[in-house]
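The values are calculated or read from the model by the stated rules, or taken from the named source; none is laboratory data. On a predicted model such as this, the values are computed, not experimentally measured, just so you know. Positions of Cβ are backbone-derived with ideal geometry, glycine not excepted, and every protein chain shown enters the neighbour counts. Ligands, DNA and RNA are stripped out before the accessible areas are found, and what is left, the full protein with its side chains, is counted by its heavy atoms. Shrake-Rupley method; radii C 1.70, N 1.55, O 1.52, S 1.80 Å.
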Amino acid sequence: YVQLTKQLQYSTMMARNSLGIWLSLLSLCAAQDVPSCPLTMKGVTWQFNNDTDNSMVSVPNKYLCYEQCLKTEGCRGATWQLNDIAQGVCFLFNNPKDLRMCHYCESAIAPIPVDGVCNSSDDDIIDMYDANNELECIKRCASKPGECQFYSYFGEGSVLPNKCMLLKTCADVTNAEGCPDIHSKQIQCFPPIQKECFNYKELSDASRREDAGAGNFCDKEDSESVSPDWVGKSWYRVTGKAGNFIPVIQAYYQRCGTEYSGYLNDSHPENQWENKNATVCFTDGENPCAFEKDIEVTNCGTYHVYLLDDVD
């Protein structure tokens, strides 16, 4: 990552150019109609892998961080996080997965390089533009969501310097050795994300476990025995000593720190970001579903969150 030093020595003019490109990207994403192609997202990052991912300190802004990702082989995503001590940290991800919340950060998803150069027919070419750098080409492709799937950026050392070709497909690929400084890539967008996956309360008290036995706790704010981790209607994640999820098997009577034990009388959504309506049943010892409560469940990838309200 010797190039980082060169990046940090950019002139003020170059930094302003990068800033302008990034602001254009952000404005573009905000203005698009559905379906859209968001390239950046605030407040989220991916699980960092010490063996495959990299981090760099003293990166003054997010624009240089993303540029570094585009220039680094294997980089598929970047997160820049504000850090007063290190002036800003840039995280480069080779295999970005397991989205999670982060503070004072913004992430960008990088396009996937094609193994060669797209050799597209006239029918595949959407348009061709002048582009001072690859970021401008990405912006052009993202401005045509659903239509532009690939692009080829022609660098200064190519046969068509500083050109951007937008493509519908890239079925035919040519060996890149005969096409110097041409970068063909597939555009990538952030998936639709459920905000509740990053803004939830926690149910973490050990009394919620089935082996905790009976009790008099109640998930109701005005109850004299309100559960210690209950704060009223909200999105909740089951975690810590409480376990990992609301069980889907019938609960026993007088377990889980209460009298009328509850369980999810339904399945969890299987796909990441999938949301569904579900029902929680409460048993009274005779009827396995003596009374019920409608809830929502969202699959957040490695965990689920539940929209819960006070019990009646």
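Does THR45 qualify as being open to solvent by less than 40 Å² (accessible area, probe 1.4 Å), in contact with a helix residue (DSSP H, G or I) (Cβ under 8 Å, 6 or more places away or on another chain) and of a type in the set (S, T, N, Q)? Give the derivation first.
Numbers: open to solvent by less than 40 Å² (accessible area, probe 1.4 Å): yes; in contact with a helix residue (DSSP H, G or I) (Cβ under 8 Å, 6 or more places away or on another chain): no; of a type in the set (S, T, N, Q): yes.
So THR45 does not fit the description; no.
Looking at PHE91 and the list (1) open to solvent by less than 40 Å² (accessible area, probe 1.4 Å); (2) more than 22 Å from HIS183 (Cα to Cα); (3) hydrophobic (A, V, I, L, M, F, W, C); (4) under 18 Å from the mean Cα position of the chain (by Cα), which single condition is not satisfied?
Unmet condition: (1).
Got a number for residues in the range 253-294 being within 21 Å of TRP235 (Cα to Cα), modelled with pLDDT under 90 and either aliphatic (A, V, I, L, M) or surrounded by fewer than 16 Cβ atoms within 10 Å (Cβ to Cβ) (or both)?
Residues flagged as within 21 Å of TRP235 (Cα to Cα), modelled with pLDDT under 90 and either aliphatic (A, V, I, L, M) or surrounded by fewer than 16 Cβ atoms within 10 Å (Cβ to Cβ) (or both) within the range 253-294 amount to 2.
I want to confirm something. Restricting to the range 68-108 and keeping residues that are in a loop (DSSP other than H, G, I, E, B) and among the acidic types (Asp, Glu), which single residue is farthest from ASN49 (Cα to Cα)?
Only one residue tops the list, namely ASP84.
Give the residues of the range 95-106 that are within 18 Å of LYS185 (Cβ to Cβ) and either at pLDDT 95 or above or in contact with a helix residue (DSSP H, G or I) (Cβ under 8 Å, 6 or more places away or on another chain) (or both), sorted by residue number.
Just the residues of the range 95-106 that are within 18 Å of LYS185 (Cβ to Cβ), to begin with: 95-96.
Within the range 95-106, none qualify.
In the range 253-312, which residues are of a type in the set (S, T, N, Q), under 15 Å from GLN194 (Cα atoms) and not in a loop (DSSP other than H, G, I, E, B)? First the steps, then the outcome.
Of the residues in the range 253-312, the ones of a type in the set (S, T, N, Q) are 254, 258, 261, 265, 267, 271-272, 275, 277, 279, 283, 287, 298-299, 302.
Keeping just the survivors that are under 15 Å from GLN194 (Cα atoms) gives 271-272, 275, 277, 298-299, 302.
Scanning the range 253-312 gives ASN275, ASN277, THR298, ASN299.
Restricting to the range 215-252, and then to whatever is surrounded by 14 or more Cβ atoms within 10 Å (Cβ to Cβ) and of a type in the set (Gly, Ala, Ser), can you tell me which residue is farthest from ASP284 (Cα to Cα)?
Filtering the range 215-252 down to residues surrounded by 14 or more Cβ atoms within 10 Å (Cβ to Cβ) leaves 215, 217-220, 223, 226-227, 229-230, 234-240, 242-243, 245-247, 251-252.
When the remaining residues are screened for being of a type in the set (Gly, Ala, Ser), the result is 215, 223, 227, 234, 240, 242-243, 251.
Working: GLY215: 14, SER223: 19, SER227: 19, SER234: 25, GLY240: 27, ALA242: 22, GLY243: 23, ALA251: 10 Å.
Looking at the filtered set, the residue picked out is GLY240.
Of the numbered conditions (1) buried (at least 16 other Cβ atoms within 10 Å of the Cβ); (2) at pLDDT 90 or above; (3) over 30 Å from MET41 (Cβ atoms), ALA212 fails exactly one; give the number of that condition.
All conditions pass for ALA212, except number (2).
Does LYS6 meet the test of being at pLDDT below 90, among the basic types (Lys, Arg), farther than 26 Å from CYS300 by Cα and open to solvent by 50 Å² or more (accessible area, probe 1.4 Å)?
Details: at pLDDT below 90: yes; among the basic types (Lys, Arg): yes; farther than 26 Å from CYS300 by Cα: yes; open to solvent by 50 Å² or more (accessible area, probe 1.4 Å): yes.
Judged against the criteria, LYS6 is a match.
Give the residue, chosen from ALA142, ALA176, ALA110, that is within 22 Å of LEU39 (Cα to Cα), out of contact with any Leu (no Cβ under 6 Å at 6 or more places or on another chain), surrounded by 14 or more Cβ atoms within 10 Å (Cβ to Cβ) and touching a residue at least 24 places away in the same chain (Cβ under 8 Å). First the steps, then the outcome.
Details: ALA142 fails: out of contact with any Leu (no Cβ under 6 Å at 6 or more places or on another chain); ALA176 fails: within 22 Å of LEU39 (Cα to Cα).
Being within 22 Å of LEU39 (Cα to Cα), out of contact with any Leu (no Cβ under 6 Å at 6 or more places or on another chain), surrounded by 14 or more Cβ atoms within 10 Å (Cβ to Cβ) and touching a residue at least 24 places away in the same chain (Cβ under 8 Å) holds for just one of ALA142, ALA176, ALA110, which is ALA110.
Just for the range 149-162: of the residues that are open to solvent by 60 Å² or more (accessible area, probe 1.4 Å) and touching a residue at least 24 places away in the same chain (Cβ under 8 Å), which one is farthest from PRO111 (Cα to Cα)?
The first filter runs over the range 149-162 and keeps only residues open to solvent by 60 Å² or more (accessible area, probe 1.4 Å), leaving 149, 156, 159-161.
Restricting the remaining residues to those that are touching a residue at least 24 places away in the same chain (Cβ under 8 Å) gives 149, 156.
Values: GLN149: 10, GLU156: 20 Å.
If we take residues in the range 149-162 being open to solvent by 60 Å² or more (accessible area, probe 1.4 Å) and touching a residue at least 24 places away in the same chain (Cβ under 8 Å), then GLU156 is farthest from PRO111 (Cα to Cα).
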